[in-house]
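The values are calculated or read from the model by the stated rules, or taken from the named source; none is laboratory data. The structure presented is a predicted model; accordingly, all values stated were derived computationally and were not measured. Note: ideal-geometry Cβ built from the backbone for every residue, glycine included; neighbour counts use all protein chains shown. Each accessible area value is taken on the protein alone, full model and side chains, heavy atoms only, with ligands, DNA and RNA left out. Shrake-Rupley method; radii C 1.70, N 1.55, O 1.52, S 1.80 Å.
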Amino acid sequence: MTERLADLLKEALQELSKAPAMDAVLQVKAKYLGRKGGIAALLKEMGALPPEERKKAGEAINRAKDRLEEEVEKAIASFQEREREENLRKERVDITLPGRRISRGTKHPVTQVMEEVGEIFYGLGFDIEEGPEVELDYYNFEALNLPKDHPARDMQDTFYVNDEVLLRTHTSPVQIRVMEKKRPPLRVIAPGTVYRRDSDITHTPMFHQVEGFMVDKNVTFSNLKGVLTLFLHKLFGEKTGIRFRPSFFPFTEPSAEIDIECVICGGKGCRVCKGSGWLEILGAGMIHPEVFRAVGYSTEEYTGFAFGLGIERIAMLKFGIDDLRLFFENDLKFLRQF
Ligand code: DAH
């Protein structure tokens, strides 16, 4: 029996040392130390031994059992440790790897110019207002002194929804909407999208304008000149030459168009200014008494000036862009430059 015990232990330890993984260790444990394992079988056999040998045999078996248990525990612990290390290795984060850059968008040049114009007028105490893009004929034309049969309606090719509803052709209707709601003194700018049935190199069916107006007692043409000169100098630089030319708009009297010295050639004459050295940049004038009548303002008490400008045109001049259509093609190579 002593010999069989020795063989059993030897065999068990050998199997244990060859166990390639945890489950093999557990198999060895069951095979030798389990309830039906080799050690248990020997313990059972021991019962048949004479009493004097039984004690010795019992001690020997228990020693072998203790030894084997110890080795099994060691093997289990070593596989557990290996597994833990393996997991740590798998989960390791390489903190020296460079991060992924989040690509940031840029503001569209039209948005940038709109914001810049807004900021300049905000600094002059103007409020910002908005109006609907789908507009009534009344606000877009009639209340602006453009009755249905007025020939000046032909100046703008309009998208009509029906006889009374249209896509606004300019931001001027916001003048009427604001004056209907509020009383002077008023200093307002109204940026927004407008629509016209036009499409070629210099026209797109949708574009952007900023409207502005000031109404109070004793507002004069010099106020108009002062405010717009200051605005254009802030936008294009103090040294930019500015001139006022008489013009016509149904909603202003007198009316003017305002030119700046060509920012491309500095006034010498080039392709952009068609050799004139000047660029038309603003429409403006003193608000027509008919417009005040439409909103119920006293023409005795109040006067005011108004102006309108095209954002794309300003963006083209500021950034030196020569094709209007580039603004609306959503080409990232183009847009990323601003
Ligand atoms: N609404 C005009 C246009 O779209 C621009 C304009 C001219 C606006 C004179 C005004 C103004 O307020 O006084 O062409």
The condition of being open to solvent by 20 Å² or more (accessible area, probe 1.4 Å) and within 25 Å of Ile189 (Cα to Cα) holds, among Thr303, Thr252, only for Thr303
The correct count of residues that are surrounded by 10 or more Cβ atoms within 10 Å (Cβ to Cβ), among the aliphatic types (A, V, I, L, M) and part of a loop (DSSP other than H, G, I, E, B) in the stretch 87-113 is 0
So Ser276, is it hydroxyl-bearing (Ser, Thr, Tyr), free of Cβ contacts under 8 Å to residues at least 12 places away in the same chain and open to solvent by 40 Å² or more (accessible area, probe 1.4 Å): no
For Lys318, the lone unmet condition from (1) touching a helix residue (DSSP H, G or I) at 6+ places or on another chain (Cβ under 7 Å); (2) buried (at least 21 other Cβ atoms within 10 Å of the Cβ) is (2)
Those strands (runs of 3 or more DSSP E) completely within the stretch 114-218 that have 2 or more residues that are in contact (Cβ under 8 Å) with a residue 40 or more places away in the chain and among the hydroxyl-bearing types (Ser, Thr, Tyr) are 186-195
Counting only residues in the stretch 18-58 that are in contact (Cβ under 8 Å) with a residue 12 or more places away in the chain and not in a helix (DSSP H, G or I), the one farthest from Val72 (Cα to Cα) is identified as Leu49
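Any residue that is closer than 19 Å to Glu3 by Cα and either modelled with pLDDT under 90 or in contact with a helix residue (DSSP H, G or I) (Cβ under 9 Å, 6 or more places away or on another chain) (or both) - is there at least one of those in the stretch 68-85?
Checked against the condition, which is being closer than 19 Å to Glu3 by Cα and either modelled with pLDDT under 90 or in contact with a helix residue (DSSP H, G or I) (Cβ under 9 Å, 6 or more places away or on another chain) (or both), the stretch 68-85 yields at least one hit.
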- request: Could you please let me know if Leu309 is out of contact with any helix residue (DSSP H, G or I) (no Cβ under 7 Å at 6 or more places or on another chain), touching a residue at least 60 places away in the same chain (Cβ under 8 Å), within 26 Å of Ser247 (Cβ to Cβ) and away from the ligand (no atom under 13 Å from the Cβ)?
  value: no
Subset of the stretch 183-217, residues away from the ligand (no atom under 11 Å from the Cβ), hydrophobic (A, V, I, L, M, F, W, C) and under 18 Å from Thr158 (Cα atoms), comes to Met206
In the set Ala256, Ala284, Ala306, the lone residue that is at pLDDT 95 or above, touching a Pro at 6+ places or on another chain (Cβ under 8 Å) and under 30 Å from Asp323 (Cα atoms) is Ala256
In the stretch 140-167, anything open to solvent by 10 Å² or more (accessible area, probe 1.4 Å) and either within 15 Å of the ligand (Cβ to nearest atom) or of a type in the set (Gly, Ala, Ser) (or both) is listed as Glu142, Asn145, His150, Ala152, Arg153, Asp154, Met155, Gln156, Asp157, Thr158, Phe159, Leu167
Looking across the stretch 280-300 at residues that are surrounded by 19 or more Cβ atoms within 10 Å (Cβ to Cβ) and more than 26 Å from Gly269 (Cβ to Cβ), the single one that is nearest to the ligand (Cβ to nearest atom) is Gly285
When Cys262 is run through (1) touching a Cys at 6+ places or on another chain (Cβ under 8 Å); (2) within 14 Å of the ligand (Cβ to nearest atom), the failure sits at (2)
Only one of (1) of a type outside the set (Phe, Trp, Tyr); (2) within 16 Å of the ligand (Cβ to nearest atom); (3) loosely packed, with under 14 Cβ neighbours inside 10 Å does not apply to Val174, and that is (3)
Over the stretch 8-45, the set of residues of a type in the set (D, E, K, R) and under 18 Å from Glu83 (Cβ atoms) is Asp23, Lys29
